[in-house]
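What follows is one structure encoded as structure tokens, with my remarks underneath.
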Amino acid sequence: EQTDRLASSVVTPDRAVATLTDDVRAGLLSRPRWLPAKYFYDDHGSELFEAICATPAYYPSRAEEALLAAHAGSIVEAASPDHMLELGSGSSRKTRHLLAACDRLGRHPVYWPFDVSAQMMLDAGADLVGRYPWLSVHALIGDYTGGLGRLPLPHSGRRLIVFLGGTLGNFEPAAAIAMLREIAALMRADDRLLLGLDRVKDRGRLEAAYDDAEGVTAAFNRNVLTVLNRELDADFPVADYRHRAVFDTEHERIEMRLAAGHDHSVRLGALDTVIDMAAGEEIVTEFSHKFTPASIERLLAAAGLAATAHHEAEGGDYSLVLAGR
Ligand code: AVJ
């Protein structure tokens, strides 16, 4: 039930967020053809991502959750938050480690999840306020890539901004720096940012994590074409596209691609356009950048931030970084 400890509001973006039609016109009609990764996450795509996290090969989510479980206490002690803002909160599954640490340590922040999916946030919020009598949740409904300039957070109180899941890795370097600069603009000296970042490692492990033997990632990747078929009245022969996951060593990123199985034309009804795909021609569907301690430092410094704590998974597999101004 809606208690007075669970509220929600829609966030007005600072700038217009490109629509699917804009993105398809810009990306799919250019060379090389590309699509923004955010369109993976319709209901089916979100379910497939959860299934990816359960595959043995995809280590990042487990590595990040283990770090959170191990270090949530020291993170909460260091940040001492009055407000916890989470970008891309989803089901808030990992945030529970931070809230449990707050409960243990008697730190009672307001939790501000920020995501496009209102229902997921309200469901998680209802469960969390039921679990913690001290907790208030204010769900922020919107797309954080539209900017953070109009959030209804109070100006007073220490802030912990949480950005997990390696999602910053989906941004190309310039966009990642711009995103971090917008986050830094919300922070004062005693505020903190908690970042989860996947690390550079053996190429074989990286590529296996994005091409699991069960074929779940292949289905996740192809699903974006199903989204386009549904949303844009298109007719991609989805099953005919081959999933590829390649680690680009120069850019230190996994590139997911879909390769056309044969020559064909695709009608994009909503754009009143037809595109011709040649056999083997690829659509780049996602970048997943991997980091080193040095590239993490450079990225933070470019946004005027610096690490105050850096927790690494065994073997440097994954990083949970606490940063301040
Ligand atoms: C949720 C964006 C962090 O890039 O590893 C998982 C998405 N893509 N398998 C990632 C994803 C293919 C994931 N992020």
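Charge dipole of the chain (Cα centre as origin; +1 on each Lys and Arg Cβ, -1 on each Asp and Glu Cβ, all else neutral): 980 debye, rounded to the nearest 20.
Counting pairs of Cα atoms in the chain, how many percent are more than 33 Å apart? The answer is 27 percent, as a whole percent. Working note: Debye formula, equal point scatterers on the alpha-carbon atoms of the stretch 48-99, no solvent; log10 I(q)/I(0) at q = 0.17 Å⁻¹ is -0.60. Taking only alpha carbon atoms, the stretch 246-304 gives an Rg to Rh ratio of 1.23, where Rh is the Kirkwood radius. Over the stretch 194-235, the Kirkwood radius and the radius of gyration, each from Cα atoms, give a ratio Rg/Rh of 1.18.
Distance from the alpha carbon centroid of the stretch 54-73 to that of the stretch 234-302 works out to 26 angstrom. Just how far, in whole angstrom, is the stretch 164-182 from the stretch 1-36 if you go by their alpha carbon centroids? If we compute the Cα centre of each part, the gap is 15 Å.
Taking the chain as the reference, fit the longest principal axis to its C-alpha atoms, fit the long axis of helix 173-184 to the helix C-alpha atoms, and give the angle between the two in degrees, 0 to 90, nearest 10. With both axes taken from Cα atoms, the answer is about 20 degrees. From the largest down, the stretch 175-325 spans 55, 35, 25 angstrom on the principal axes of its Cα atoms.
Report the local net charge at residue 108: Lys and Arg +1, Asp and Glu -1, summed over other residues whose C-beta lies under 15 Å from its C-beta. Here the count lands on +3. Over all directions, the projected convex hull of the C-alpha atoms in the stretch 70-143 averages 4.3 nm² in area. Residue order for 74, 30, fewest other beta carbons within 10 angstrom first, comes to 30, 74. Per residue, the convex hull around the alpha carbon atoms of the stretch 146-185 comes to 82 Å³.
Each residue in 236, 287 was given a count of other beta-carbon atoms within 10 angstrom of its own, and listing them fewest first yields 287, 236. Out of 311, 155, 243, any idea which swings most in a Gaussian network model of the chain, alpha carbons joined below 10 Å? Maximum fluctuation in the GNM of the chain, among the listed residues, is at 155. When the chain is described by a simple charge dipole with +1 on each Lys and Arg Cβ and -1 on each Asp and Glu Cβ, the residue from 180, 9, 229 located farthest towards its positive end is 180. For the chain, the relative contact order works out to 22 percent when only alpha carbon pairs closer than 8 Å and six or more residues apart are counted. For the stretch 101-144, the alpha-carbon radius of gyration amounts to 1.19 times the rule-of-thumb value 2.2 N^0.38 Å expected for a compact globular protein. Net charge near residue 244, counting Lys/Arg +1 and Asp/Glu -1 over other residues with Cβ under 9 Å of its Cβ? Net of charged neighbours comes to -1. Divide the volume of the convex hull around the Cα atoms of the stretch 276-325 by the residue count and you get 124 Å³ per residue. Relative to the longest principal axis of the Cα atoms of the chain, helix 95-105 runs at roughly 10 degrees.
Rg/Rh, computed from the Cα trace of the stretch 1-76 with Rh as the Kirkwood radius, has the value 1.11. The DSSP beta bridges internal to the chain are antiparallel in roughly 60% of cases.
Pairs of C-alpha atoms in the stretch 123-231 farther apart than 23 Å represent 52 percent of all such pairs. Partners of residue 290 within straight-line reach, counting lysines whose Cα lies under 19 Å from its Cα and excluding those fewer than 8 residues away in the same chain: 38, 201. Springs between Cα atoms under 10 Å define the GNM used for the chain, and in it the highest mean-square fluctuation of 229, 221, 170 occurs at 229. Just checking the listed ones, 288, 156, 80: in the Gaussian network model of the chain with Cα springs under 10 Å, the one fluctuating most is 156.
Summing charges over neighbours of residue 148, with a neighbour being any other residue whose Cβ is under 14 Å away from its Cβ, gives -2 when K and R count +1 and D and E count -1.
For the stretch 1-153, the Cα-based Rg and Dmax, in that order, read 17.4, 54 Å. If only the Cβ of Lys and Arg carry +1 and only the Cβ of Asp and Glu carry -1, the dipole of the stretch 33-134 around its Cα centre is close to 220 debye.
Read-outs: derived from the displayed coordinates by stated rules, not from any lab. This structure is a prediction, so every number in the text was calculated from the model and none was measured. Note: ideal-geometry Cβ built from the backbone for every residue, glycine included; neighbour counts use all protein chains shown.
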